[in-house]
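Visitor: Mind looking over this structure? Questions follow.
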Amino acid sequence: MTSSHTLIGEEPEHLTRAGHRQAQVDPLAARRAPGDPPWDVYLTGTVFLDIIFTGLDSAPVRGTESWARGMGSSPGGVANMASALARLGLRTSLAAAFGDDHYGEYCWDALEQGEGIDLTPSRTVPGWHSPVTVSMAYEGERTMVSHGHEPPPEEPAPDCPPRARAAVASLTPGRRAPWIAQAARGGTRIFADVGWDETGAWDLAGLSDLEHCEAFLPNAEEAKRYTGADCPRLAAHALTEYVPVAVVTLGSEGAYAVDRRTGEAAEVPAIAVRALDPTGAGDVFVAGFVTGSLAGWPLADRLAFAGLTAALSVQEFGGSLSAPGWSEIGAWWRRVQSLPAQDPMALQRYAFLDQLVPEELDRPWPLRRAVPTIGFRGPS
């Protein structure tokens, strides 16, 4: 098992320096060959319009009015994962329903034009309004209120998913998603997460699509409830009876992973940062792990990279727009090495970044973040 030491991260204002440009990094460049699938990752799900209130000193109090010092808007839901994957250089294809309202138009444009995500399998549904989530961030936590309706039944995800190296699936207890089995039969590697089991059954047999998955990435509480184990690390080992790779996130303690095929086990502590908004951090973690897996990195490197990308994301407000790109990763790595009193062993855990991060940057940075209102351009 690989052990590690804690590394102290940097706040985002220390990373931002005028004149830096964002580099296009292809983490799979060495693995690309003629005849490869056109897409690195395919995913499907619901896109929300997220409206985020920031700068709240505490949770809203019943019967009172709370004023937020800031707000933003961005695509949310499955868009968090899609944006995180695209910003890490993976060719990403998304199948989702979009409302035919201004919210839907905004989300479509932000994902297709802003992030370069392929929306060929997606569709606009006439007469259907976009789901909306209002998120309030305070004290490093969040409270959300959502509203939406299921798209019409004639608007399912495509039965025939596009060819892709990998797919990310969110499993639903007691329900199969036919596209998962079809994608797996076509050679797509399936990475799965799961939400809270509202039924309270916590029965792994109910996650029938797990048999098609290469990796399963629950959090510690989910892993313990599904396996009956008292310890999340023991739960990870128990999960490898059902899936080759089990990754259990441990919150502020980091993450633990086991690969049944190679016998590897790895644990990487979380990077110590000040969390402003955890929205989308789990999606960013999965995106980082998928990236490292497709690139063929050792298990510990995949785990460390996933934790790093998640740590960078929580230092910004918002979901999809807080996902880090390679310029943020490179700037963090250069900056954190210059800080005094860093643990040399902790720095060594991330030394693999030396071969990945760009020396020169060629796109404007920092990346576009959430704006106060949809369509707002600000002063010229």
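Visitor: Which one of the conditions (1) part of a strand (DSSP E or B); (2) modelled with pLDDT of 95 or more does D36 fail to meet, given that it meets all the rest?
Guide: (1)
Visitor: Just to be sure I understand the filter: pairs with C-beta atoms under 9 Å, separated by 6 or more residues or on different chains, first member in the stretch 214-225 and part of a helix (DSSP H, G or I), second member surrounded by 24 or more Cβ atoms within 10 Å (Cβ to Cβ) and of a type in the set (S, T, Y). Which pairs pass?
Guide: A220/T249; A220/Y256; A223/T249
Visitor: So, in the stretch 226-235, of the ones that are under 19 Å from W196 (Cβ atoms) and in contact (Cβ under 8 Å) with a residue 24 or more places away in the chain, which residue ends up surrounded by the most Cβ atoms within 10 Å (Cβ to Cβ)?
Guide: Residue satisfying both the conditions and the ranking: Y226.
Visitor: Does G89 meet the test of being part of a loop (DSSP other than H, G, I, E, B) and touching a helix residue (DSSP H, G or I) at 6+ places or on another chain (Cβ under 9 Å)? Before the answer, list the steps.
Guide: Details: part of a loop (DSSP other than H, G, I, E, B): yes; touching a helix residue (DSSP H, G or I) at 6+ places or on another chain (Cβ under 9 Å): yes.
Yes: the conditions hold for G89.
Visitor: Tell me, which helices (runs of 4 or more DSSP H) wholly within the stretch 256-355 include 2 or more residues that are on the phi < 0 side of the Ramachandran plot and surrounded by 22 or more Cβ atoms within 10 Å (Cβ to Cβ)?
Guide: Working: elements: 281-294, 299-313, 326-338, 344-349.
Result: 281-294, 299-313, 326-338.
The values are calculated or read from the model by the stated rules, or taken from the named source; none is laboratory data. Note that the coordinates shown come from a computational prediction; the quantities given were computed from them, not determined experimentally. Cβ sites come from the backbone with ideal geometry, for glycine too, and all protein chains shown count toward neighbours.
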